[in-house]
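Scroll down for the structure; my scribbles are underneath it.
The values are calculated or read from the model by the stated rules, or taken from the named source; none is laboratory data. The shown structure was predicted, so the numbers you read here are calculated from the model rather than taken from an experiment. Here the Cβ is made from the backbone with ideal geometry for all residues, glycine too, and neighbour counts use every protein chain on show.
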Amino acid sequence: METPDIKSLYMNEIVLIMKELDQPSFRAKQLYEWMHSKLVTSYDDMTNLPMELRSLLKERYPLTALETITLRHSEIDGTEKYLFGLSDGSVIESVMMKYKHGNSVCISSQVGCRMGCTFCASTLGGKERDLLASEMLDQVYRIQAATGERVSNVVVMGTGEPFDNYDSLIRFIRILISRDGLNISARNITVSTCGIPDRIRAFADEGLPVTLALSLHAPNDELRKKLMPIARRYSLDEVMDTFRYYCTKTGRRPTFEYSLIEGVNDGLTHARELAAFLTGLNCHVNLIPLNPVRERNYRKSEASAVQKFKNILEKNRINVTIRREMGSDIEAACGQLRNSFLDKSGE
């Protein structure tokens, strides 16, 4: 039987482990708090656990802890980009962005990605593997521990498709919002997906009122298929049906992400078509000036084109913002830093 990753377990599951080790159940809460509230990376630091128990845990349940390989700090806006090393030698990236309303951390959910979106650096090498819930959590933990500042918002919007790693995603969220952990409000968590209808519907039934964001990037199926291979499997109508189901179940307003690519999806006709598609839906549109990827031939839309696009949506009474560009001087776009590292290391 495979040894469970203890940092990915719920409290009640750790209670069972303590029982197997002939320990009182309150040890489970102590261990849980050390891992998820005090954010220690070694059993040796769990000073209120008996030495014998610490030795047993160290022997049977290796404790997941990410290693910071590279840290880049933006001189423009203070954004920090982390490249973390995993126990198997893989690398992932995370970003901390500082806003007036608090610190926001963007985490990865997979090593690489198999979605194949043509404008994204994350998909260039394909998917290597899913992340454990603990490896998702520890991106937040290591950043909070390193900065000494509380993380108040988390977005699962880095490398990977979260719903392609569904079980780990659910564990990640439930542990993150636990009162015995960081106790981050579910309403301060955003999950971004390319659109997998059955997983969206299942997620709605989990009863987790997080914000759901759809990577839209096109106002129709024909164009979306050219940009996002997932669109060849699921139509916009199918995806939107499950999004409406999610919003009805949770009461949360959906977000639609739209990366503006010069000459591809940023025209006035695209804006009008998008406005018509979203008419009557209480939603938020996040326009994203493309962060160019050197391996792709796409260019970022001109600022004037972005503004005209925004104006058309606003005239149609659609709530819309232009995402502030963060960390452009430190390869902050999804996958960029990881790909640079792999290129230099020859992998």
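Regarding N220, is this residue in contact with a Ser or Thr (Cβ under 8 Å, 6 or more places away or on another chain), farther than 19 Å from I322 by Cα and among the polar types (S, T, N, Q)?
In short, no.
May I ask you to say which residue of K58, K38 is surrounded by fewer than 21 Cβ atoms within 10 Å (Cβ to Cβ) and outside any loop (DSSP other than H, G, I, E, B)?
Every option except K58 fails the conditions.
Going through the range 224-249 one residue at a time, which ones are in contact with an Asp or Glu (Cβ under 9 Å, 6 or more places away or on another chain), charged (D, E, K, R) and more than 26 Å from G263 (Cα to Cα)?
Within the range 224-249, just K249 meets the criteria.
Before we move on, is G89 part of a loop (DSSP other than H, G, I, E, B), over 12 Å from the mean Cα position of the chain (by Cα) and free of Cβ contacts under 8 Å to residues at least 24 places away in the same chain?
yes
From the residues in the range 264-280 that are assigned to a loop (DSSP other than H, G, I, E, B) and within 19 Å of N311 (Cβ to Cβ), which one is modelled with the lowest pLDDT?
Selected residue: T279.
Restricting to helices (runs of 4 or more DSSP H) lying wholly in the range 152-238: which have 2 or more residues that are of a type in the set (A, V, I, L, M, F, W, C) and either without any contact (Cβ under 8 Å) to a residue 40 or more places away in the chain or surrounded by fewer than 19 Cβ atoms within 10 Å (Cβ to Cβ) (or both)?
The qualifying helices (runs of 4 or more DSSP H) are 166-176.
Scan the range 48-66 and report the pairs whose first residue is at positive phi and modelled with pLDDT under 95 and whose second residue is buried (at least 19 other Cβ atoms within 10 Å of the Cβ) and not in a helix (DSSP H, G or I), with Cβ atoms within less than 6 Å and a gap of 6+ or a chain change.
Correct list of pairs: empty, since none qualify.
Looking at M115, M96 in this structure, which one is surrounded by 24 or more Cβ atoms within 10 Å (Cβ to Cβ), out of contact with any Gly (no Cβ under 6 Å at 6 or more places or on another chain), assigned by TED's automatic domain parsing to the domain that holds L260 and among the aliphatic types (A, V, I, L, M)?
One residue alone meets the criteria, M96.
Considering only residues that are in a loop (DSSP other than H, G, I, E, B) and on the phi < 0 side of the Ramachandran plot, which ones fall in the range 67-86?
S74, E75, I76, D77, T79, L86
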